[in-house]
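Reading through the structure tokens given below for one structure.
The values are calculated or read from the model by the stated rules, or taken from the named source; none is laboratory data. This one's a predicted model, so the numbers in the text were calculated from it and none came from an experiment. Don't worry about glycine lacking a Cβ; one is built from the backbone with ideal geometry, like all the others, and counts go over all protein chains shown. When the accessible area is computed, the model is the full protein with side chains, heavy atoms only, and any ligands, DNA or RNA have been set aside. Shrake-Rupley method; radii C 1.70, N 1.55, O 1.52, S 1.80 Å.
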Amino acid sequence: MRFPRILLAGVIASVVLSSCTNSEDLNPQLENSLLDLNQQVDKKQVAFDLIDLMKNQSFKTNTLHLLEHQEPSVAMSKVLGESEASVEKMKSYQELLKKTTYLESVSSEEAPDKIEILELWMMNSKKSKDFSNILFSFAPEGDENTWSVIEAYNMNKEVVYLDVNKAPNQPVIVIETNGFETLKREVELMNEYLRDAGVQNSRFQKVEKDLSYQSAKSSGLETTKLDKIRLNDDEEPWISGAAEVYAITSGIKDSDNSPEIKVIPMYYLDHDGRDYYPNQILLFWDDYQYQAANIQLFEKDDNVNYKDLVSTIVNGVFQIIGTVSTQPWVNVLGQVAGAIIQAMPNQWYTNNDDYVDSFYTIEKNKSYSNYYGARGNAKVNLSPFFVASN
């Protein structure tokens, strides 16, 4: 039995609610785990449940097909939604269903304290023809610099230890809770908080989506577009999979030197050492008082509280606002970018958001070809792009 993903959340929710009213259907240990899921997901148990389901040939075939053809990852809710009726009766399926629903329901709240969404991706999906030796793994807890081995499990649930730095040659299905799906939701909420703090206009607001806004100065929208990008190092170990990269753009929006800050996801930018041609608008010049702005790239890692991150960015920026109103705007532009970098976690978390690179003082109406950032870690082509009105 297959469900469209849009209907799956409702189906899962009804399963959870009906299970909670029937003590015979809900394992006491699972009930306790549901209460603690927002603190930490037991990925080892998720792996064991997934292994049980992968012993069903139909489920295995469907799951491998999804993982081979959808990048950078597949939400667990979609994997479960592709299951046949025989699989849905299994205890492992029901437990994964409840975990998946709980996490997605918490993450969909207006202001959750933590966002975690279960998803899967597969290492060596394209070059593997024999999946009999497939492994199941997940990123270790703690600081990635202290990782000694990667724990994985075979189809018999026997532990296999993998090298931290050298990716294995065999296929590995990796369980993720802070990947692509989580980033999408976090970026949405980070921009909401920036608007609430008064450092972002309403251009990205869902209700308005005012991307066609026309200023008094023009009959269209003047922007700077990212034509090409390449990362030398995305700061990501292999077990963490595709990099979840996002840009933070900043500029000066008025004569009081007030900042304008946006978070822009770069969902396509998943691996280093590869050229990407996104054709993505990064700077909207109607947002700024002056014809220069910054673009800074960061890579999302686990255990970063997006609320604290945005709060620290805003606090850091506002700390300088009281002293910059009389300074030249170009000086303030650099100080805003510096405050954003300083806001990134350093000692707070065990696995930090990584600073990828910065492009300072990008000018309006100017093209940049094979242009390196300040760290020399990212190389871009940028060009002016005028969006004419209809």
Would you mind checking region 257-289 for residues with the amide N under 18 Å from a putative spin-label position 7 Å along Cα→C-beta of Asn232?
-> 271-276
Send over the Kirkwood Rh of region 98-208, from the inverse of the averaged 1/r over different Cα pairs, rounded to one decimal Å.
-> 16.7 Å
Selection of trypsin sites (Lys or Arg not before Pro), region 36-94, meeting DSSP coil and at most 13 other Cβ within 10 Å = Lys55, Lys89
Per residue accessible area of region 227-271, 1.4 Å probe, in Å² = 25 Å²
Please give the length that would be gained between Gln289 and Lys184 if that part of the chain were fully extended, namely 0.36 nm times their separation in residues minus their C-alpha to C-alpha distance (nm, one decimal).
-> 34.9 nm
Step through the table entries Lys262/Lys366; Lys262/Lys307; Lys43/Lys99; Lys228/Lys262, compare each Cα-Cα distance with 18 Å, and write down the pairs that go over it.
-> Lys262/Lys366; Lys228/Lys262
Taking the convex hull of the alpha carbon atoms in region 264-303, what volume per residue do you get, in Å³?
-> 117 Å³
Tally Lys and Arg at +1 and Asp and Glu at -1 over the other residues with C-beta under 14 Å from the C-beta of Lys228: what net charge comes out?
-> +2
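Efficiency by 1/(1 + (r/R0)^6): what FRET value for Glu110 and Ile320, r their Cβ-Cβ distance, R0 = 30 Å, to the nearest 0.05?
On the way: r = 30 Å, r/R0 = 1.01.
The formula returns an efficiency of 0.50 here.
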Beyond 26 Å between alpha-carbons counts as too far, so tell me which of Lys78/Lys114; Lys184/Lys379; Lys114/Lys157; Lys44/Lys166 fall in that bin.
-> Lys114/Lys157
Using θ = phi - 60° and Karplus 6.51 cos²θ - 1.76 cosθ + 1.60, couplings along region 138-152 (whole Hz; Gly, Pro as x) | 6, 5, x, 7, x, 5, 4, 6, 9, 5, 9, 9, 9, 7, 9
Estimated FRET transfer efficiency (Tyr277, Ser389; beta-carbon r; R0 35 Å; 0.05) = 0.85
